[in-house]
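The values are calculated or read from the model by the stated rules, or taken from the named source; none is laboratory data. Keep in mind that this is a model prediction, so the values were computed, not measured. Here the Cβ positions follow ideal geometry from the backbone for every residue, glycine too, while neighbour counts run over all protein chains shown.
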């Protein structure tokens, strides 16, 4: 009965599912997700980050370029000069045995020796001049200091002299102005009628043309007198307040205005004399007898003009003296400032610094010439036998042309480098050589030859580099494979970190720092709650293992070299009961 009831329910459930497929599907999905969540199906796995660190330390960093090649039993090198010219001496012949450093042949060096002599003489002369100017520089500077002090003292005296010159001018100017005023505005020609002299000159004549001529000169004289009078009144008022204790600026202002007054007064007197002279000339032509005052005024004006011109000269000279001294002070101060550029003591002016640089440049040029002179004699780069000489004494040889060949049985290594690495290699650089056939052997050596012209193969340019061994080992056989590591740069005792510790951000580099390091650090790293700090650094060269740190961190700081993520711990599982009774196959974590 129970089974029939269960069967009936099951059939009804199936019938419902068939008639409501979409809702039934949604219900099953929701139930599945709910059960999966309940039993921990969405529980995240815990991932643990571990840090591997190193200390910032001092290292010797080597920058190397490497390549592989073969060992040769015989080395044959073309002997090529670096300069061109006529061969003047040959010290070997075919088959001659030579030692390393032995002279092989020489090229005419007459021109370069003359250049060296000329350069030595020019350098000697420049050094003499530098020595003299070095001794003279502090003397000249001290002279400038003294000149400045003297100019300031002279300017102070000039202001005192200016006061005296102004005073002398005003001893004469009042009487001069009185004369100038009387000539125009006195009543000497008509004491009864009170007519001004300037008008009386005109009325002394009946002819209208004569009157017009005199009126013309009279107007000019009155205009110039008015100008002079205004300046005189202003300057004499200022002079009355001036004392020997007045400021230099005030004395200079009064001096300038007094000089202007004297010049204007001289012009006024000249205009008045032109008027009086014209009156006398017309009177003489018309045979008219004039009042004796006219001739007296003419004589008085001539005398006053001489007096004023003397004052004009004195005042103008004093103005120039003051201005010249002020200019001298300004110029000297500027010269002293230039003396002190990059040289507070003033004893080593820029001109001397520039001359010193020029002398050093001449020394460098002479050194270069002497080094070039060595190229005019060609030496054997290693022990060997000369063969295939192509030139005779007197022949002309070009740089890079093969004079002959040098053969040696010394073991050498020859490798090929791409154009980028070859550009870093120079003759004489140290080399470390290792051999596939002799794993425990490492021989040092140095580069002695580099191809001048590369070899192109399938668009790739390579250069052959030959290296000689510092020591010979009988186990090294011709034809053996060799690996060479050429040291192209080196830094000793510099701050460095492992290469993997340096990271980049745009054009900047940085490292990550940890301040606290556990005592039980292992090689696989350690976990910590401390958040790493980023520090930007300036890097130098990078070797195979370490990178130079120029600035940004200090020796002993703990930097992160790499991070690792620990594998999540496998969850323990148990068997969940089947939804429909019995044991199911679903595994759920505890």
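Whether any residue in the range 186-196 is more than 27 Å from residue 316 (Cβ to Cβ) and assigned to a helix (DSSP H, G or I) is what I want to check. Looking through the range 186-196, none of the residues is more than 27 Å from residue 316 (Cβ to Cβ) and assigned to a helix (DSSP H, G or I).
For the range 562-581, the condition holds for at least one residue, the condition being that it is within 30 Å of residue 65 (Cα to Cα), more than 28 Å from the chain's Cα centre (by Cα) and at pLDDT 60 or above.
Residue 268 meets the conditions (1) under 60 Å from the mean Cα position of the chain (by Cα); (2) surrounded by 14 or more Cβ atoms within 10 Å (Cβ to Cβ); (3) over 30 Å from residue 146 (Cα atoms); (4) not assigned by TED's automatic domain parsing to the domain that holds residue 126 in every case but one. The failed one is (1). State the number of residues belonging to the range 340-386 that are assigned to a strand (DSSP E or B) and buried (at least 16 other Cβ atoms within 10 Å of the Cβ). Residues in the range 340-386 being assigned to a strand (DSSP E or B) and buried (at least 16 other Cβ atoms within 10 Å of the Cβ): 5 in total. Among the residues making up the range 282-324, those that are farther than 26 Å from residue 172 by Cβ and either outside any helix (DSSP H, G or I) or at pLDDT 95 or above (or both) are 287, 288, 289, 290, 291.
Scanning the range 477-495 for residues that are in a loop (DSSP other than H, G, I, E, B) and either modelled with pLDDT of 85 or more or out of contact with any strand residue (DSSP E or B) (no Cβ under 9 Å at 6 or more places or on another chain) (or both) yields a single hit, 480.
Inspect the range 399-407 for any residue being within 46 Å of the chain's Cα centre (by Cα) and without any contact (Cβ under 8 Å) to a residue 60 or more places away in the chain and give the result as yes or no.
Among the residues of the range 399-407, not one is within 46 Å of the chain's Cα centre (by Cα) and without any contact (Cβ under 8 Å) to a residue 60 or more places away in the chain, which makes the answer no.
Residues in the range 457-476 that are in contact with a strand residue (DSSP E or B) (Cβ under 8 Å, 6 or more places away or on another chain) and assigned to a strand (DSSP E or B): 460, 461, 462, 463, 464, 465, 466, 467, 468, 469. I'd like to know if the range 147-159 contains one or more residues that are under 30 Å from residue 270 (Cβ atoms) and surrounded by 17 or more Cβ atoms within 10 Å (Cβ to Cβ). The answer is yes, given that some residue of the range 147-159 is under 30 Å from residue 270 (Cβ atoms) and surrounded by 17 or more Cβ atoms within 10 Å (Cβ to Cβ). Considering the range 388-419, the residues that are closer than 21 Å to residue 70 by Cα and outside any strand (DSSP E or B) include one that is modelled with the lowest pLDDT, namely 409. Scan the range 168-203 for residues that are without any contact (Cβ under 8 Å) to a residue 40 or more places away in the chain and closer than 30 Å to residue 325 by Cβ and the total you get is 1. Among the candidates 231, 171, the residue that is exposed (fewer than 13 other Cβ atoms within 10 Å of the Cβ) and part of a helix (DSSP H, G or I) is uniquely 171. Screening the candidates 63, 52, 92, 71 for the property of being within 39 Å of the chain's Cα centre (by Cα) and modelled with pLDDT of 80 or more yields one hit, 63.
Out of all the residues in the range 451-482, which are under 51 Å from the mean Cα position of the chain (by Cα) and crowded, with 18+ Cβ neighbours inside 10 Å? 462, 463, 465, 466, 467, 468, 469, 482 - these are the residues of the range 451-482 that are under 51 Å from the mean Cα position of the chain (by Cα) and crowded, with 18+ Cβ neighbours inside 10 Å. Taking the stated definitions as given, is residue 318 within 30 Å of residue 141 (Cα to Cα), in the same structural domain as residue 211 (by TED's automatic domain parsing) and surrounded by 20 or more Cβ atoms within 10 Å (Cβ to Cβ)? Yes, satisfied.
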